[in-house]
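Take a look at the structure below.
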């Protein structure tokens, strides 16, 4: 249940990010509302997997850089992870599209802030009883 709620939070954060950041867009695989919703959920799933697998490895390996830059390198890492998600979803012919590296960095920053805010709002639903 928590996984499904985190997936929905990430999909909503991605949707808000595409509304705010013009360089980040999501193209659904077909016209209509249901394909658009499923595309956002699929991209959020890909983002979660990339963040969990690749992001964790990068954060462990680059830990000295995180300490040296006081965490500012995380903006670059998150932007690169967003570009990786865009590349993976573009292989399928639909999904996330990012115009450039700096749009990816800005998109990752906005996505993180929105997902954090939505997580704060929906925290009572994710809390274990």
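The values are calculated or read from the model by the stated rules, or taken from the named source; none is laboratory data. Remember, it's a predicted structure, so these values are computed and weren't measured experimentally. Cβ coordinates were reconstructed from backbone atoms using ideal geometry, including for glycine residues, and neighbour counts include every protein chain displayed.
Below is a table of values for the structure above.
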{"read-out": "Cross-chain or 6+ apart pairs with Cβ under 7 Å, region 107-129 first and surrounded by 13 or more Cβ atoms within 10 Å (Cβ to Cβ), then modelled with pLDDT of 75 or more and not in a helix (DSSP H, G or I)", "value": "107/21; 107/23; 107/24; 107/98; 110/21"}
{"read-out": "Qualifying residue in region 56-73 (condition: free of Cβ contacts under 8 Å to residues at least 12 places away in the same chain, in contact with a helix residue (DSSP H, G or I) (Cβ under 8 Å, 6 or more places away or on another chain) and under 18 Å from residue 111 (Cβ atoms))", "value": "yes"}
{"read-out": "Residues within region 49-64 that are surrounded by 15 or more Cβ atoms within 10 Å (Cβ to Cβ) and farther than 16 Å from residue 83 by Cβ, tallied", "value": "2"}
{"read-out": "Flag if residue 19 is without any contact (Cβ under 8 Å) to a residue 24 or more places away in the chain and closer than 20 Å to residue 101 by Cα", "value": "yes"}
